[in-house]
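**Student:** Input: one structure, supplied below.
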Amino acid sequence: MSKFFDVDGRTVWSPASGRAERFMERVAMLERELGVPSGIAPVLADEHDIDGAVFGAFVAAMLAREGPGETGEGTGDTAAVLLVLAERAGLDAGAAAWDPRWFERARAASRCMPR
């Protein structure tokens, strides 16, 4: 069974339920650490709605704090997934200022992330 992550009614990711739950646990951890909401709503009928504006600010805040080679355990993978979701949703989130290594990680993560 899958969960669906949607921005403006468009699915940007549909991972297996277990992977979605682990991802959301890490997102909750980052929300606490950053003091910034992610914009990802709790699951309702297998769907997580994402508020694009809030999510873009969350991704920007997280990446401003984390360098691509300096992430904590599990955070680097979560950061790559967040970046893929932002790109698929058409959100900028300050992408012009990101270290190119983030784009490399996101491309690698994207290949394993069904829409």
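**Student:** Is there any pair linking a residue in region 85-99 that is under 17 Å from Asp6 (Cα atoms) and of a type in the set (D, E, K, R) to one that is surrounded by 18 or more Cβ atoms within 10 Å (Cβ to Cβ) and at pLDDT 90 or above, with Cβ under 6 Å and at least six apart or on different chains, and which?
**Tutor:** Filtered contacts from region 85-99: Arg88/Val12.
**Student:** With the requirement that a residue be touching a residue at least 24 places away in the same chain (Cβ under 8 Å), outside any helix (DSSP H, G or I) and of a type in the set (Gly, Ala, Ser), what does region 7-36 give you?
**Tutor:** Of everything in region 7-36, just one residue is touching a residue at least 24 places away in the same chain (Cβ under 8 Å), outside any helix (DSSP H, G or I) and of a type in the set (Gly, Ala, Ser), namely Ser14.
**Student:** Can you pull out every residue in region 37-48 that is assigned to a strand (DSSP E or B) and under 14 Å from Leu82 (Cα atoms)?
**Tutor:** Applying the first criterion (assigned to a strand (DSSP E or B)) to region 37-48 yields 40, 44, 47-48.
Of everything in region 37-48, those that are assigned to a strand (DSSP E or B) and under 14 Å from Leu82 (Cα atoms) turn out to be Ile40, His48.
**Student:** Mind checking whether some residue in region 87-102 is at pLDDT 85 or above and over 20 Å from Asp8 (Cα atoms)?
**Tutor:** So far as region 87-102 goes, no, none of its residues is at pLDDT 85 or above and over 20 Å from Asp8 (Cα atoms).
**Student:** Which residue is nearest to Ala109 (Cα to Cα), if the candidates are limited to region 9-38 and must be among the β-branched types (Val, Ile, Thr) and touching a helix residue (DSSP H, G or I) at 6+ places or on another chain (Cβ under 6 Å)?
**Tutor:** It comes out as Val12.
The values are calculated or read from the model by the stated rules, or taken from the named source; none is laboratory data. Given the structure is predicted, the values throughout are model-derived calculations rather than measurements. Glycine also receives a Cβ, built like all others from the backbone with ideal geometry; neighbour counts cover every protein chain displayed.
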